[in-house]
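The values are calculated or read from the model by the stated rules, or taken from the named source; none is laboratory data. Computed from a prediction, not measured in an experiment: that's the story for all the values here. Quick reminder, even Gly has a Cβ in these numbers, built from the backbone with ideal geometry, and neighbours come from all protein chains shown. Only protein heavy atoms, including side chains, enter the accessible area calculation; ligands, DNA and RNA are left aside. Shrake-Rupley method; radii C 1.70, N 1.55, O 1.52, S 1.80 Å.
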Amino acid sequence: MNILLLRPHPGNDRFGLGPFFRVEPLGLEYIGAALRSAGHAVTAADLRFRPSAATWIRRARPQLVCISCLHALEYERVVELAREIRRASPEAFVLAGGHAAAAFPAPLEVPEIDALCLDDGEEIVPLLAAALEKGRPLGDVPGLRLRTGDGWVNTPALERQTCLDLVPLPARDLVDRHRSGYHCLLFKPVWLVETARGCPHRCSFCSVWQLYGRSCRERSIAAVVEDFATAGDSIFVADDLFWHNPARSLELAEALKKRGVFKRWILVQTRTDLICRSADLMAAWRPLAKDFDIFLGLEAATDKGLAGLTKDSGVAESVEGVRLARELRYGINGNFLIDPDWDEDDFRDLWEFVARYGLQRAGFTVLTPLPGTDFFREMAPRIARQPWSNFDMHHLLWEPRVGARRFFELYAETWRRSILNTSGEKSLVDWMKQVRPSQIPYIARVLWRTQRMMKPDAYLREYEKSRPRTTEPLVDFGTGARHGAA
Ligand code: B12
């Protein structure tokens, strides 16, 4: 069967990480590898680059089109893309999947989409392709939400979670033509690598543990070593919680060293309390890259703030984790959450914390109830109908305590205290000194776009444009259900 895999343009990357990170569609690469081994002809297109979806449809002539939807902010774009596909190829079966589609499928229940994938795709998509090819009933394919004459219905869930070793390596060649366009911060090109999936913690704002039931799955050491060894020099590790299993992480570090893997740059995401109890592990990993950055969910500057987010960790751990990582020469990036219900003192507490511990490399996002979380279900009555593209963690979804103008003044001031402010501590010249001459135009463009985050009016304009003018609720929970969810 001819199958086309599409990564849509997310549409809204005006704020936040968008300008800094553009990484390969790794989920589609794993699905592509699974489909190939079942004998299908697979084409993948990353629509953040040219050509358009219509051109890819003409080239690939697919019977099945798979669209990925990682983030809630992409829902509208995914629906638009499905419409475009329907027009260009009315006979093709259109399937959407990926984190946001699985965690909260309701916004994708439109006539132009035939089915939604409610779990990982490596097993489900080949089963669907086989059913379509052989004309078998689609209701027997597990893990789907199907559009039927009687509305949207769920097929039985997968009997057990997909084992990550089912597909040992992603089919990176499917999108390698865009490699030079994949970048993170100053590093370009970049490879996205996954060693494990899931997180056992229960932070209220995160939709990952709620989708995977706090489970953690690991790839085999052999597969990860092969992937690291064959990927390029700059690696972004997609794992939700790196170093989670100390014994396996230590074994992996040793195996990578034995294979002679040494990278220019590695970025991983983890927690400060885990760092506090993993000094040996961290020391074992540090020699694997010249520059090794850690992205930490710092979230709040007070214990009360952290407890409110069910972080299950305190500020003492944040401070000690950062100290320990720095002592081992790791670079620290992180993120703090800004609650719309804050008053002025809360902002000042955060500024003071950032200054005291030198956390100017951290970013700041607006606390946003992400679809698929209990937090979202709880907050939905306060959120009126507005575009999903506003769920980028840089928009206000309800009126903040200090009023929208004051909130954005304080928010923009928070960003002005970061290293991204080229009129602040780190000037444009300082940035340019860090890159090769050939990278200067690229980094100048990224920084220029980022200065918007320091301007209250830029946020306010967006807020006024999509200010909720109706009290119509955002979602109808009668339809937003995934397997077993309310
Ligand atoms: C890498 C990543 C990014 C990358 C972009 C990735 C890309 N390709 O463009 C960057 C760093 C840019 C990014 C940015 C953001 N991200 Co992000 N990101 C991730 C992360 C860590 C890993 C995704 C990944 O590649 N995993 C590895 C692959 C192998 O797994 P996978 O994608 O899940 O794919 C599997 C299944 O989902 C499924 N599948 C995937 N696609 C498809 C398609 C079809 C058709 C089917 C059938 C199945 C299927 O099968 C795959 C194989 O098993 C996830 C965490 C997560 N666990 O999902 C967060 C995550 C998706 N991001 C999140 C968020 C919030 C953001 C930001 C808003 C954060 C911010 N502070 O600004 C921004 C938004 C940027 C923007 N404006 O577009 C949230 C989304 C929550 C939500 N409900 O919306 C997540 C879940 C993190 C979290 N803990 O909450 N992100």
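Suppose every Lys and Arg Cβ carries +1 and every Asp and Glu Cβ carries -1, with no other charges. What dipole size does the stretch 2-154 come out with about its Cα centre, to the nearest 20 debye?
Here the stretch 2-154 has a charge dipole of around 600 debye.
Hey, got a sec? Which trypsin sites (Lys or Arg not before Pro) in the stretch 329-361 land in a DSSP loop and have at most 11 other Cβ atoms within 10 Å?
Here the sparse-neighbourhood loop sites are Arg329.
Could you work out how much longer the chain between Asp430 and His9 gets when fully extended? Use 0.36 nm per residue separation minus the Cα distance between them, nm to one decimal.
148.4 nm
Run the numbers on the stretch 178-465 and let me know its relative contact order in percent, using alpha-carbon pairs under 8 Å that are six or more apart.
14 percent
Can you list residues from other chains, or at least 5 along the same chain, whose modelled amide H is less than 5 Å from the amide H of Val110?
The answer is none.
Per Stokes-Einstein, at 4 °C and 1.567 mPa s, what whole-number D in µm² s⁻¹ belongs to the stretch 141-300, with the Kirkwood radius over Cα pairs as the hydrodynamic radius?
In µm²/s, the coefficient is 74.
Based on the Kirkwood radius over alpha-carbon pairs, what value in µm²/s does the Stokes-Einstein equation return for the translational diffusion coefficient of the chain at 4 °C and 1.567 mPa s?
It comes out at roughly 55 µm²/s.
Placing unit charges on C-beta atoms (Lys and Arg positive, Asp and Glu negative, everything else neutral), compute the dipole magnitude of the stretch 178-465 about its Cα centre in debye, rounded to 20.
So the dipole magnitude of the stretch 178-465 works out to roughly 1080 debye.
Before I look further, what does the stretch 178-465 give for accessible area per residue, probe 1.4 Å, in whole square angstrom?
41 Å²
HN-Hα J couplings of the stretch 178-193 from phi, Karplus 6.51/-1.76/1.60, θ = phi - 60°, integer Hz, Gly and Pro as x?
9, 3, 5, x, 8, 8, 9, 6, 8, 9, 7, x, 10, 10, 9, 10
How many percent of Cα pairs in the stretch 178-465 exceed 36 Å?
Looking at the stretch 178-465, the distances longer than 36 Å represent 17 percent of pairs.
For the stretch 224-295, which trypsin sites (Lys or Arg not before Pro) are both in a DSSP coil and crowded by at most 15 other Cβ atoms within 10 Å?
Loop-located and lightly packed - Arg259, Arg277.
So what is the accessible area of the stretch 2-154 per residue, in Å², with the probe set to 1.4 Å?
It amounts to 37 Å² per residue over the stretch 2-154.
Determine how large the accessible area of His395 is when every protein chain is in place; take a 1.4 Å probe and give Å² rounded to the nearest 10.
10 Å²
Please list, in chain and number order, the residues 5+ apart from Leu144 or on another chain whose amide H is under 5 Å from its amide H, with Hs placed from the backbone.
Leu118, Thr155
Out of residues 5 or more away from Trp342 or on other chains, whose amide H comes under 5 Å of its own, with H placed 1.01 Å from N in the peptide plane?
Arg401
With both bridge residues required to lie in the chain, what share of the DSSP beta bridges run antiparallel, to the nearest 5%?
25 percent
With a 1.4 Å probe and every protein chain kept in, tell me what percent of the accessible surface of the stretch 2-154 is carbon plus sulfur.
Roughly 50 percent, rounded to a whole number.
Not counting the cut sites, what is the longest span of the chain without GluC sites (Glu not before Pro) that DSSP labels loop and that have at most 16 other Cβ atoms within 10 Å?
Between the exposed loop sites, the longest stretch runs 160-424.
Roughly speaking, what % of Cα-Cα pairs in the stretch 29-102 are separated by over 15 Å, rounded to a whole number?
Counting every Cα pair in the stretch 29-102, those more than 15 Å apart make up 57 percent.
What is the spread of the Cα atoms of the stretch 2-154 along each of their three principal axes, largest first, in whole Å?
For the stretch 2-154, the Cα extents along the three principal axes come out at 44, 31, 27 Å.
Length gain on complete extension for the stretch Arg329 to Arg277, per 0.36 nm per residue less the alpha carbon to alpha carbon distance?
17.0 nm
If the stretch 397-441 were replaced by its equivalent ellipsoid, with semi-axes equal to the square roots of 5 times the Cα gyration tensor eigenvalues, what would those be, largest first, whole Å?
Here the semi-axes work out to 33, 11, 6 Å.
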